[in-house]
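Take a look at the structure set out below.
The values are calculated or read from the model by the stated rules, or taken from the named source; none is laboratory data. All of these numbers come straight from a predicted model, not from anything done at the bench. Cβ placement follows ideal geometry from the backbone for every residue including glycine, while neighbour counts extend to all protein chains displayed. We work out accessible area using only protein heavy atoms, side chains counted, and drop any ligands, DNA or RNA first. Shrake-Rupley method; radii C 1.70, N 1.55, O 1.52, S 1.80 Å.
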Amino acid sequence: TFEALGPEDTRELATRAAGWEKTQSVATWMVLEPAIARSAGAATLTRQPDGSLLASGPAPEKDVYTLVAWTDLTGITGVRLEVLPDPSLKASGPGRSDSGNLVLSEIRLAAAPASDPGAAKRATLDSPSADFSQPDFPPAAALDGKPETGWAIGPEPGKAHQAVFETKEELGAPGGTILTFTLEQGFGGKHTIGRLRLSVTTGRKPVRAGGLPEEISR
């Protein structure tokens, strides 16, 4: 029991715990508010009070969302995609399929200085993590370039979930940065995202879903 620990053991335990805490980072997330939100499948993406976007209108079998946002942050180390339930969606979503599931086939990010929007460069995303993943549909599958794979959340629809991706190199230019996200949803069966929210962080790596190192959070 804890009562059996002697003074020296207690001090040693406290020292090791403090050392472990110093190696951990809990990310602070800044919600992005896209100035442009387009659906290739003609869905309407409407901004909500919490900074999320809600899809309505046509629900295509497949879709691609293009979201463009500005940020003044520098040293960006990670991005977070939240998929959120909503009563307007079947089975409360967060996907638009009959089951509420979704499949994020691919996520891409480009960054450009606000002073030179034409100088956009693709950012490399890696070290994916998620609070929950459907078997055989991990967040890493959203980075493999294959439309038939992706991150999915069955059998846990109707709940909020998140996927987090680190940026290989820190992003952010003095004077502001334009971030362009491309969310490909090519699985079919209307497995598209019904409600989503994007955020970025400048927290120290590793940056993981839930803010904990992967080996602890999984």
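Considering only the range 71-86, how many residues are under 16 Å from the mean Cα position of the chain (by Cα) and either crowded, with 22+ Cβ neighbours inside 10 Å or not in a loop (DSSP other than H, G, I, E, B) (or both)? Residues that pass the stated criteria total 9. When the criteria are applied in full, Leu89 fails the requirement of being open to solvent by 10 Å² or more (accessible area, probe 1.4 Å) and farther than 21 Å from Ser52 by Cα. Taking the range 121-218 and the strands (runs of 3 or more DSSP E) fully enclosed by it, the elements with 2 or more residues that are over 21 Å from Asn101 (Cβ atoms) and open to solvent by less than 20 Å² (accessible area, probe 1.4 Å) are at 161-171, 177-185, 195-201. Here Pro60 meets each of (1) open to solvent by less than 30 Å² (accessible area, probe 1.4 Å); (2) of a type outside the set (Lys, Arg); (3) in a strand (DSSP E or B); (4) over 14 Å from Arg195 (Cα atoms) with one exception, condition (3). Taken over the range 82-141, the residue count meeting the criterion of being among the aromatic types (Phe, Trp, Tyr) and under 18 Å from Gly188 (Cβ atoms) is 1. For the range 92-114, give me each residue that is of a type outside the set (S, T, N, Q), in a loop (DSSP other than H, G, I, E, B) and open to solvent by less than 10 Å² (accessible area, probe 1.4 Å). Of everything in the range 92-114, those that are of a type outside the set (S, T, N, Q), in a loop (DSSP other than H, G, I, E, B) and open to solvent by less than 10 Å² (accessible area, probe 1.4 Å) turn out to be Gly93, Pro94, Gly100, Leu102.
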